[in-house]
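The next block holds one structure in the form of structure tokens; read it before the comments.
Only the coordinates and a few stated rules stand behind these numbers; no lab work does. Just so it is clear, the structure is predicted and the values come from calculations on it, not from any experiment.
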Amino acid sequence: MAEPRETSVVIPAFNESGGIGRTIEGLKDRGFAEIMVVDDGSSDDTADRARAAGARVVRHPYNKGNGAAVKTGIREAGSPVILLMDADTQHDPAEALRLIGPIGDYDMVIGARSLSDQSFVRAMGNAIFRGLASWLTGREIPDLTSGYRAAKREALLEVLHLLPNGFSYPTTSCLSLMKSGRSVLFVPITAHARVGTSKIRPLRDGMRFILIIFKIVTLYAPLRVFAPIAGLSFTTGLAYGIWNVLVHDKIPMGSALLIQLGVVVFLFGLISEQIASMQDRR
């Protein structure tokens, strides 16, 4: 069971002067080993307000992205446990101990928001991502994109090279640890209204989330992606061929190509699965 004295709090921040002080104040009296703010090239006084509130500040010379700030914080942290949270007051510091407590039995603990805590558009998008990820991983995922989470530092360092520099790091870290056999727990939390304007662009970042889900699952469990595609191609080609034989008394070229494509995609998936298994044993 992890305790605050062995936990580094990492807060990525970009132009979050409105909420950074309140966030740090809520953490100061809880006994954490360190509270680190990674200022991702802010043009406002985020860094000054973070220092004034008592946090250690690490600065990027320019804006590299939310994920890049998180990676810097993971590298710079001096504790075996890391608590990641946003700077915009959405995450309640009072729930921090509930997230770090199970670390030891679990490698990562994620604060899962309810759909009622999110706007309609964001809730719909997260529901789609969550459903897709749950199907591909074979495990129920209550919240794929929550940035409020605790994890063993060594587990995060293991997948650090996979984390993107943008807002998709929660998705990537969650799926990477799950598919590599690490233990991940989801704990219900309450998300509050943020201070300031969200930096997420739903359409652009939403497409990135979907691509990352497929990328991670293809890396660790390729057949989860290739088998359905192969099955659809083979079944469509077979049905089309049978229909043409019964109606036109011939097998069309398109049917044969679809069947062949299904077989090739499935074999490609099998080879990829073997490669993924060899990587797991290394």
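A compact table of results
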item	result
Value of D in µm² per second that Stokes-Einstein yields for the range 28-161, Kirkwood Rh from Cα pairs, at 4 °C (1.567 mPa s)	79 µm²/s
Length-normalised contact order for the chain - Cα pairs under 8 Å, 6+ apart - percent	17 percent
Highest-MSF residue in the chain out of 165, 66, 244 [GNM, Cα springs under 10 Å]	244
More than 32 Å apart - percent of Cα-Cα pairs taken over the chain	32 percent
Amide proton proximity set for residue 81, modelled H, under 5 Å, gap of 5+	8, 153
